[in-house]
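Novice: This is the structure I want to talk about, given as structure tokens.
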Amino acid sequence: MSRRSGILEFAVLGLLREAPMHGYELRKRLNTSLGVFRAFSYGTLYPCLKTLVANGWLIEEPGSAPEEALAASLAGRRAKIVYRLTPAGKEHFEELLSHTGPDAWEDEHFAARFAFFGQTEREVRMRVLEGRRSRLEERLEKMRASLARTRERLDDYTLELQRHGMESVEREVRWLNELIESERAGRDQRSGSDAPAPHDNDSGETGGLPRHGGSTRPDPSDDTIK
């Protein structure tokens, strides 16, 4: 399995954990909710769905009343199929959510993982965020060293492009620092209080997002920070 197909399977399972959907709905959610899948096609999605069905992680159900399905068949149209997560699929997705290794820190995989942080336990979120920050700090160090070696040989525009890339990485590192501090503050607040904390996801963990007026997070799939 390629890395990108693995990310796609993860995202499809995560979306279907929220609610059953047919293929068009899934594609729309992938494109609008998960920026990493902007250039998505049905030709990629449906083989993925078939694989998940074959593995027993999804089931296919008719998405319309029997008479509507018959009418579609007579008209030569394909009846809509709704995909539903099975108990085995839910268990598999929860297992994937618990993974915190290096793949979870890479640009595309991190974007998909972050999109499902609301379903992820706090300790797992922390490990993924800290791993991503470490990966970007390594990248930033290499970029600075490369720029120092080649600065004199670069024209003004290429130099500006290099600086722009570095600034993008630095911005994401600052954003990650804020998220990590917010997660720690939430954990400390919860551990220091006897009152039950409100729940905002299936894992029973309270969310750790910092609140900013109108700010937006950097896009981990931005080509300038790869």
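We did not get these values from a lab; they are worked out from the coordinates using the rules stated. This one's a predicted model, so the numbers in the text were calculated from it and none came from an experiment. Every residue, glycine among them, receives a Cβ derived from its backbone with ideal geometry; neighbour counts consider all protein chains shown.
Novice: For the charge dipole of the stretch 121-186, defined by +1 on Lys and Arg C-beta atoms and -1 on Asp and Glu C-beta atoms about the Cα centroid, which residue among LEU179, MET126, GLN162 has the Cα displaced farthest towards the positive pole?
Specialist: The listed residue farthest towards the positive side: MET126.
Novice: Is there a quick way to get the dipole size of the stretch 121-186? I mean about its Cα centre, with the Cβ of Lys and Arg at +1 and of Asp and Glu at -1; what is the value in debye to the nearest 20?
Specialist: Using only the charged Cβ atoms, the result is roughly 200 debye.
Novice: Let me ask something additional. Please sort 14-21, 44-51 by packing, taking for each peptide the average over its residues of neighbouring beta carbons within 10 angstrom, highest first.
Specialist: The densest-packed peptide leads the list: 14-21, 44-51.
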